[in-house]
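Colleague: Have a look at this one.
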Amino acid sequence: MTGRNSSAFLSAVLAAFLMGSLGFFVRESACSAQACSFVRFAVGLVLVAGLLGWQRLRGRGSFAFSWQAAVSGAGISLCILFYFLAIQSISVGIAALLLYTGPVFAVLGEAVLNRSLPPRRDGVLIAMSVAGIVAVSVFADGGTGAGNNAMGLVYGLLSGVCYAVYILLTRYIPQHVALVQRTFWQFVAGCLLLSVPLAGTENAFAGVEQGWPYLLCIGLFQGFLVMLLIAYAVRHLTAIQFGTISYLEPAVAVLLGWLIYAEMLTPGQWLGFVLVIAASAAQSLLPVSEQQS
């Protein structure tokens with residue numbers, strides 16, 4: 001594995017762990033899904049704009065527009081909004097697992113675009129991940145019952161579709177568009193799009209006075225830092241490699257939900273949890289040359 005691939009895998013793993021804790025910060029903030037989504041992108045935009053401005057002062061970077069970056073930013077902003085709406089009515093773990101149908105859709109989309117099937121080993125690993133998702137969802141009846149809200153499940157699946165759009169378009173951003181620059185346009189598009197549901201929500205910022213520390217963490221860690229990490233990882237990994245590693249996120253969310261909110265899992269859900277972890281670990285640890293053979 002080359003140094004660049006190693007850094008990309010590490011970036012994907014770190015992003016997954018940070019994103020896995022996102023549901024905790026959203027719940028603890030006690031703010032609306034619309035406010036949490038918008039603040040995540042607004043804080044990220046301020047930080048990345050400052051970084052881009054600093055690069056410009058040093059004679060580096062540019063403001064060339066990338067429509068792929070802008071549309072992928074719109075995709076991830078809707079993904080986050082639907083995810084936040086989902087965790088208001090279903091468990092954090094199940095919402096996160098449904099969000100991660102996105103990499104499955106992305107793999108299928110990439111296969112269609114490339115007119116080729118994924119490598120056999122990658123196909124097995126993604127199948128393990130899908131089986132884990134199915135197990136967690138199907139066996140939800142024996143748990144707390146939080147996973148049975150139909151609208152919450154719809155929001156979760158919509159977040160997965162939007163996540164697939166983000167993964168695919170991020171991979172097709174032109175190579176000359178620098179990491180910070182592409183992230184800037186993603187945040188701009190996200191803020192513009194999320195301002196619409198925010199403006200249409202009554203008392204959208206209720207509770208911000210008490211929940212601002214959590215909102216700040218969402219913007220700094222799950223917004224600014226995660227977007228940079230994901231943009232770097234997706235640029236150097238295939239969709240299926242990134243997608244499978246990303247399944248660490250719902251595993252982290254399930255574990256936090258169990259430890260913090262007593263969201264009990266059934267034996268079937270624990271089986272799904274183990275499948276997800278195993279697939280992600282295999283994708284992370286197996287040599288790239290073997291994965292792509």
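Colleague: With respect to PHE41, determine if the residue is part of a helix (DSSP H, G or I) and either under 20 Å from THR170 (Cα atoms) or not small (Gly, Ala, Ser) (or both).
Modeller: Yes, satisfied.
Colleague: What's the number of the condition ALA33 fails, among (1) surrounded by 19 or more Cβ atoms within 10 Å (Cβ to Cβ); (2) modelled with pLDDT of 85 or more; (3) among the hydrophobic types (A, V, I, L, M, F, W, C)?
Modeller: Unmet for ALA33, out of (1) surrounded by 19 or more Cβ atoms within 10 Å (Cβ to Cβ); (2) modelled with pLDDT of 85 or more; (3) among the hydrophobic types (A, V, I, L, M, F, W, C): (2).
Colleague: Report, by residue number, each residue of region 174-187 that is touching a Phe, Trp or Tyr at 6+ places or on another chain (Cβ under 9 Å) and assigned to a loop (DSSP other than H, G, I, E, B).
Modeller: The first filter runs over region 174-187 and keeps only residues touching a Phe, Trp or Tyr at 6+ places or on another chain (Cβ under 9 Å), leaving 177, 179, 181, 183-187.
If the condition is that a residue be touching a Phe, Trp or Tyr at 6+ places or on another chain (Cβ under 9 Å) and assigned to a loop (DSSP other than H, G, I, E, B), then VAL177 is the only one that fits.
Colleague: Okay, next question. Of the numbered conditions (1) more than 17 Å from ALA233 (Cβ to Cβ); (2) modelled with pLDDT under 85; (3) of a type in the set (A, V, I, L, M); (4) in contact with a Gly (Cβ under 7 Å, 6 or more places away or on another chain), ALA86 satisfies every one except a single condition; which is it?
Modeller: (2)
Colleague: Right, another one. Report, ordered by the first and then the second residue, all pairs with beta carbons closer than 6 Å, sequence separation of six or more or different chains, a first member in region 205-217 that is part of a helix (DSSP H, G or I), and a second member that is among the charged types (D, E, K, R).
Modeller: Note: pairs meeting the criteria are TYR214/GLU28.
Colleague: Give region 173-192 a look and list any residue that's at pLDDT 85 or above, within 18 Å of the chain's Cα centre (by Cα) and surrounded by fewer than 20 Cβ atoms within 10 Å (Cβ to Cβ), or say none.
Modeller: VAL188
Colleague: Of the residues GLY53, GLY20, only one is loosely packed, with under 15 Cβ neighbours inside 10 Å and either over 18 Å from PRO250 (Cβ atoms) or touching a helix residue (DSSP H, G or I) at 6+ places or on another chain (Cβ under 8 Å) (or both); which? I'd like the intermediate steps shown before the answer.
Modeller: Numbers: GLY20 fails: loosely packed, with under 15 Cβ neighbours inside 10 Å.
Unique residue meeting the criteria: GLY53.
Colleague: Do we have any residue at all in region 64-71 that's in contact with a Ser or Thr (Cβ under 7 Å, 6 or more places away or on another chain), in a helix (DSSP H, G or I) and in contact (Cβ under 8 Å) with a residue 24 or more places away in the chain? Full working, then the answer.
Modeller: From region 64-71, those in contact with a Ser or Thr (Cβ under 7 Å, 6 or more places away or on another chain) are none; that's our starting set.
No: zero hits.
The values are calculated or read from the model by the stated rules, or taken from the named source; none is laboratory data. Keep in mind that what you see is a predicted model, and the values were worked out from it rather than measured. Glycine gets a Cβ as well: all are built from the backbone with ideal geometry, and neighbour counts include every protein chain shown.
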